[in-house]
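The values are calculated or read from the model by the stated rules, or taken from the named source; none is laboratory data. Keep in mind it's a predicted model, so treat the numbers as computed, not measured. Virtual Cβ from ideal backbone geometry, glycine too; neighbours counted across all protein chains shown. The accessibility values were calculated without ligands, DNA or RNA, using every heavy atom of the protein model including side chains. Shrake-Rupley method; radii C 1.70, N 1.55, O 1.52, S 1.80 Å.
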Protein chains: 2
Amino acid sequence: MTESKGVLRKAALLDAAEEVLVTKGNANAAMRDFAAAAGVRIGHLQHYFPTRSDLIRAVLERTLERSLRRLEEAAGFDLRAGASGTLTRSDSHRLLEALLLEHSDLADVRMHLEIWALAASDELAASALRSFYSQYSGHVQGVVRRGRPDLTEPEISDVAATVVSLFEGAAVTRSDIAGLRTEQGDQAIIRTAQWLIHGQEPAQCP
Amino acid sequence: MTESKGVLRKAALLDAAEEVLVTKGNANAAMRDFAAAAGVRIGHLQHYFPTRSDLIRAVLERTLERSLRRLEEAAGFDLRAGASGTLTRSDSHRLLEALLLEHSDLADVRMHLEIWALAASDELAASALRSFYSQYSGHVQGVVRRGRPDLTEPEISDVAATVVSLFEGAAVTRSDIAGLRTEQGDQAIIRTAQWLIHGQEPAQCP
DNA sequence: GCAATTTTAGGTCAAATGACCTAGAATCAA
DNA sequence: TTGATTCTAGGTCATTTGACCTAAAATTGC
């Protein structure tokens, strides 16, 4: 079923809004900027998104949804709580590299920063963000459960939250904004996440 | 030497500006909001900070400087590259707990989010932030150097960057904004940081 | 084909905004 | 004491802003 002009237009407006948020930041982005980026006039934009906060909220929801979906795709296996299976170190390495790559997308990093800052002062945004992180860390728990089947559910939850913290922090610090990225540093992050996911490597005994 | 009225006023204006940034966010904070929070009129505020970006920049510099100083104080030892010494697990535990506590201050977390978001679209802010992280991770290197004297300098740098990533990410995810905090989760973060700082715990051999 | 609905263009408005200004009071330094 | 400097209050201005509106064009569905 071909999508209606309205649905396509809405998506184009959201694309344009994202681009403006990424380049000018939320603090400097006006409705006329969003409209111009989409090649329409403000009245038209406001037909689809009557208020500024309608637009920003829609961008936020779309961005968070995309991040969740990407994690599911990167995993390539069922992340739900009931699912069973194991995870080899090479598979977790592959997954973590994909995750780190996703956290390197400069536009995505900036979108996330804007969302965090928005959520810091807008309770509706914060609520959406908490829901997102609950789901996101739930997915990461699905990963940890396969690497550490010996852990209790609360322990799995804590490990997953730590992995999420590490990757969210790395997205910022490894970006051009903070400038702490090195090639070997990426490997250190993956090694750390693997330590969390799999536990200690086999002991070397004399 | 008693500080002049101007110096005291400036500090009070910066305090007020911080509070407004934390509660309203940069995107919704006007010069008149800042002035009102400080109990003065906008003209007076503009005497001390002629443009909005002068004010925001000053807040940014002060916040980053404070974070650096706090890390120095929490360490309680010389973090410079040439300094030598060791670091026990109990001392690193104490330091990491202090660091995590500092990363739990909701106003501070919000200030940092606003600074990150600002730096994402303002190159001057980004430059200041890069300088800050360079120094901050330099300090953390001073910690890692004591825990892992066997590492090369590039390795120390990568480990330090990973510790910084973990703590910056944790500040966000453990805040009310993201809602992923648990008591045991805090211990998982500290354990992870200790693993990074000290390396693997002694092997248990039969 | 035609009425209803959706899409599009363009305009207007009051309020808010950052920037700039004047002038008087307070403080400082010689 | 006096002039210079700093501090403080309050005002003004042009521009920008989000929100709201009208009307025409395009599309849809019966």
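Descriptive notes on the structure:
- Partners of B:LYS10 within straight-line reach, counting aspartates and glutamates whose Cα lies under 19 Å from its Cα and excluding those fewer than 8 residues away in the same chain: B:GLU18, B:GLU19, B:ASP33, B:ASP54, B:GLU61, B:GLU65.
- Taking Cα centre as origin and charging only the Cβ of basic (Lys, Arg, +1) and acidic (Asp, Glu, -1) residues, the dipole magnitude of the stretch B:1-50 rounds to 200 debye.
- Diffusion of chain A by Stokes-Einstein, at 25 °C in a medium of 0.890 mPa s and with Rh set to the Kirkwood radius over alpha-carbon pairs, works out to 131 µm²/s.
- Peptide A:181-188 is shielded by partner chain Cβ atoms: per residue, an average of 5 of them sit within 10 Å of its Cβ.
- C-alpha long axis of helix A:123-147 to longest principal axis of chain A, angle in °: 30
- At 7 Å out from Cα toward Cβ: A:THR152 inter-copy label distances (nm, ascending): 4.3
- With eigenvalues of the C-alpha gyration tensor scaled by 5 and rooted, the stretch A:1-89, Å: 34, 16, 10
- Placing unit charges on the Cβ atoms only, positive for Lys and Arg and negative for Asp and Glu, gives the stretch A:60-198 a dipole magnitude near 280 debye about its Cα centre.
- Rounded to the nearest 20, the size of the Cβ-charge dipole of the protein assembly as shown about its Cα centre is 880 debye, with Lys and Arg at +1 and Asp and Glu at -1.
- 7 Å along Cα→Cβ, label-point gaps from B:HIS44 to other copies, nm, shortest first: 4.8
- DSSP-assigned coil residues among chymotrypsin sites (Phe, Trp or Tyr not before Pro) in the stretch A:12-99, each with at most 15 further Cβ atoms within 10 Å: A:PHE77
- Rounded to whole Å, sorted largest first: equivalent-ellipsoid semi-axes of the stretch A:1-50, Cα gyration tensor: 20, 12, 7
- Rounded to the nearest whole Hz, the Karplus-based 3J(HN,Hα) values (6.51 cos²θ - 1.76 cosθ + 1.60, θ = phi - 60°) of the stretch A:73-81 follow the sequence 5, 5, 5, x, 9, 6, 8, 6, 4, with x at glycine and proline.
- Each principal axis of the stretch B:112-163 carries a Cα extent, and these read 40, 16, 13 Å when sorted largest first.
- Lys/Arg +1, Asp/Glu -1 at C-beta; the stretch A:71-206 dipole; positive extreme among A:LEU96, A:LEU124, A:LEU113: A:LEU96
- Dividing the mean sequence gap of close Cα pairs (under 8 Å, 6+ apart) by how many residues the stretch A:25-130 holds gives a relative contact order of 22 percent.
- Cα gyration tensor shape of the stretch B:129-206, rounded if a/c is under 1.5, else prolate or oblate by comparing a/b with b/c: oblate
- Summary for B:LYS10: label point 7 Å along Cα→Cβ; distances to the equivalent points in the other copies, ascending, 5.2 nm.
- Axis proximity, chain B to A: residue whose C-beta lies nearest, plus whole-Å distance: B:GLY169, 1
- Cβ-based charge dipole, the stretch A:1-50, positive-most Cα from A:ASN26, A:VAL7, A:ILE42: A:ILE42
- Restriction of the trypsin sites (Lys or Arg not before Pro) in the stretch A:8-113 to DSSP coil positions whose beta-carbon has at most 16 other beta-carbons within 10 angstrom yields A:ARG41, A:ARG80.
- In chain B, helices alone account for a calculated mean residue ellipticity at 222 nm of -24500 deg cm²/dmol, with every DSSP H run of four or more residues adding -39,500 (n - 2.57).
- Mean Cα-pair separation over length for chain A, i.e. relative contact order, pairs under 8 Å, 6 or more apart, %: 20
- In the protein assembly as shown, inverting the average of 1/r over every pair of distinct C-alpha atoms gives 22.7 Å as the Kirkwood radius.
- Here the contact order of the stretch B:125-185, divided by its residue count and restricted to Cα pairs under 8 Å and six or more residues apart, works out to 24 percent.
- Counting only the Cα atoms, the stretch B:61-156 fills a convex hull of 100 Å³ per residue.
- Average beta-carbon neighbours from other chains, 10 Å sphere, peptide B:118-131: 5
- Shielding score for B:148-160, defined as the mean number of other chain Cβ atoms within 10 Å: 2
- With DNA, RNA and ligands ignored, accessible area of B:ASP54 (1.4 Å probe; Å², nearest 10): 60
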